[in-house]
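Data block below; observations after.
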Amino acid sequence: MTVLITGGAGYIGSHCCVAFLQAGHDIVVVDNMSNASQVSLERVAAITGAKVSLETADIRDQSRMEEILKQYRCTAVVHFAGLKAVGESTKIPLAYYDNNVVGTHRLLSAMANCGVKQMIFSSSATVYGDPQFLPLTEDHPTSAVNPYGRTKLMIEEMLRDVAASDPSWRFGILRYFNPVGAHESGLVGEDPQGIPNNLMPFITQVADGRREELSVFGNDYDTPDGTGIRDYIHVIDLVEGHLRAHEVLGSGSAPSNCFAVNLGTGNGYSVLEMVKAFERASNRQIRYSIAPRREGDVAQCFANTEFAEKLLNWKAERGLEDMCRDTWNWVCKNPRGYETVA
Ligand code: NAD
Ligand code: WQD
């Protein structure tokens with residue numbers, strides 16, 4: 001009864017390993033380490049006191065995936081592995097289609113050959129495109145404006161087709177809003193390489209002096225302070241949602257064998273509200289200047305959480321203060337991310 005966690009050495013995956021181990025599951029991680037450090041899993045072991053099996057492998061290597069599924073007698077997969085940078089996806093789209101779409105296809109083929117038919121998949125609120133109404137419900141029309149988003153949509157469709165072909169498959173498609181924060185121990189957290197694309201890691205690097213100032217991408221949106229509004233969710237709440245989804249899939253109590261559900265808080269915060277909250281948590285000033293809008297950004301994006309509450313009996317419990325405090329704790333304890341200990 002082992003759960004295979006692909007991309008388990010990455011940001012969300014490593015927190016998910018903690019949650020699954022603490023809930024008593026056996027896990028095996030498959031990661032090609034393209035955006036991860038082995039230290040993250042050493043830290044997972046330190047938090048949980050459990051042994052973490054890592055297989056350094058690529059999900060596109062179907063025969064290797066079959067060996068691993070058989071060797072560990074896996075019964076379910078939580079699938080995080082993939083590339084995730086929107087800007088990069090417009091520069092190297094083929095790498096995105098290969099890692100994300102081909103990778104998931106090979107992984108599913110391996111699972112089919114091994115009789116493993118349960119998967120949780122990391123999708124994204126990006127599949128809703130420019131919101132036609134808010135808060136976003138799961139039946140909001142989907143569209144994508146960049147290759148990264150298109151890979152998520154294609155994978156969602158692939159999963160629905162596989163589910164329709166054979167009722168014994170079970171899929172939980174989890175659409176994440178904006179995951180932030182870190183484990184409260186400060187032992188695992190987000191460790192972006194190079195210049196961060198996302199707001200929270202950028203703010204933390206201004207707070208700790210690594211970057212001069214934050215560029216606020218647009219202050220002329222139709223929002224109360226003119227800056228973009230997002231639904232930030234603490235990574236611990238997010239991975240608890242995975243645990244619940246795993247239980248619901250396993251029990252067969254889901255209304256269908258392929259569901260898509262939002263994982264967000266339902267609250268929206270603007271860029272300037274995030275800056276102020278982080279200033280309070282870190283007791284540092286965050287210098288910023290207003291820059292032009294970033295291409296492809298929407299004004300507002302936040303979740304309707306009713307379906308998640310009903311289906312998963314789950315709801316995010318941590319607030320903005322917790323998100324900022326835990327992020328700052330992680331950064332202070334690991335000023336150079338996982339390299340700090342190297
Ligand atoms: P991450 O980059 O930290 O984790 C992804 C992991 O997958 C990394 O450890 C990487 O080394 C591994 N990986 C990549 N390609 C692989 C391959 N072909 N074979 C094996 N391993 C491979 O990213 P994250 O933030 O933890 O995101 C996890 C998942 O959640 C991704 O699928 C991402 O698209 C999705 N997601 C993330 C966010 C976010 O804001 N972080 C939002 C929505 C959805
Ligand atoms: C949040 C807000 C920016 C950086 C992206 C992907 C999505 C998902 C999560 C992965 C926006 C503003 C940001 C900066 C800024 N990713 N901002 N200055 O764009 O909601 O979502 O990450 O799987 O698919 O699209 O998140 O953190 O990049 O931006 O002003 O330096 O912060 O304009 O309003 P986003 P983000």
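Quick rundown of the values:
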{"quantity": "Using a Förster distance of 35 Å, the FRET efficiency for C114-E295 (Cβ separation, nearest 0.05)", "calculated": "0.25"}
{"quantity": "Inter-label distance, nm, simple model (7 Å from Cα along the C-beta direction), K310/A164", "calculated": "2.3"}
{"quantity": "Mean separation of Cα contacts under 8 Å (6+ apart) over length of the stretch 231-342, as relative contact order %", "calculated": "41"}
{"quantity": "Span from the the stretch 76-127 Cα centroid across to the the stretch 298-342 one, whole angstrom", "calculated": "22"}
{"quantity": "The stretch 186-342 shape via C-alpha gyration tensor axes, a/c threshold 1.5", "calculated": "oblate"}
{"quantity": "GluC sites (Glu not before Pro) restricted to the stretch 180-257 and DSSP loop, no more than 16 other C-beta within 10 Å", "calculated": "E184, E212, E213"}
{"quantity": "The stretch 143-242 shape via C-alpha gyration tensor axes, a/c threshold 1.5", "calculated": "prolate"}
{"quantity": "Inter-part distance where the stretch 193-224 and the stretch 2-70 are each reduced to a Cα centre, Å", "calculated": "30"}
{"quantity": "At q = 0.15, 0.17, 0.19, 0.20 Å⁻¹, base-10 log of I(q)/I(0) for the stretch 1-111 (Debye sum, equal scatterers on each alpha carbon)", "calculated": "-0.60, -0.76, -0.93, -1.01"}
{"quantity": "The chain - charge dipole about Cα centre, Lys and Arg +1 at Cβ, Asp and Glu -1, debye rounded to 20", "calculated": "440"}
{"quantity": "Amide H contacts under 5 Å for I120, placed H, 5+ residues apart", "calculated": "V77, V78, H79, G172"}
{"quantity": "For Y176, residues with placed amide H under 5 Å, excluding near neighbours", "calculated": "S123, S124, A125, L263"}
{"quantity": "Beta bridges per DSSP with both ends in the chain, % antiparallel, nearest 5", "calculated": "5"}
{"quantity": "Where labels lie 7 Å past Cα in the beta-carbon direction, separation of T340 and S251 in nm", "calculated": "3.8"}
{"quantity": "Segment E88-R284, extension gain: residue separation times 0.36 nm, minus the distance between their alpha carbons", "calculated": "67.5 nm"}
{"quantity": "Rounded tilt (10° steps) of 38-48 against the dominant C-alpha axis of the chain", "calculated": "80"}
{"quantity": "Those lysines that a straight Cα-Cα span of less than 20 Å connects to K51, excepting residues fewer than 8 apart in one chain", "calculated": "K70"}
{"quantity": "Net lengthening on full extension, A45/Q193 (0.36 nm per residue, minus Cα-Cα)", "calculated": "51.0 nm"}
{"quantity": "Rg(Cα)/(2.2 N^0.38 Å) for the chain, N = residue count", "calculated": "0.95"}
{"quantity": "On Cα atoms only, tilt of 271-282 relative to the major axis of the chain in degrees", "calculated": "90"}
{"quantity": "Charge dipole of the chain about the Cα centre (unit charges at C-beta), most positive-ward option of F259, G189, T305", "calculated": "G189"}
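Each value in this text was obtained by applying a stated rule to the coordinates, not by laboratory testing. Values in this document were obtained by computation on a predicted structure and should not be read as measured data. We place every Cβ from the backbone using ideal geometry, glycine too, and count neighbours over all the protein chains shown.
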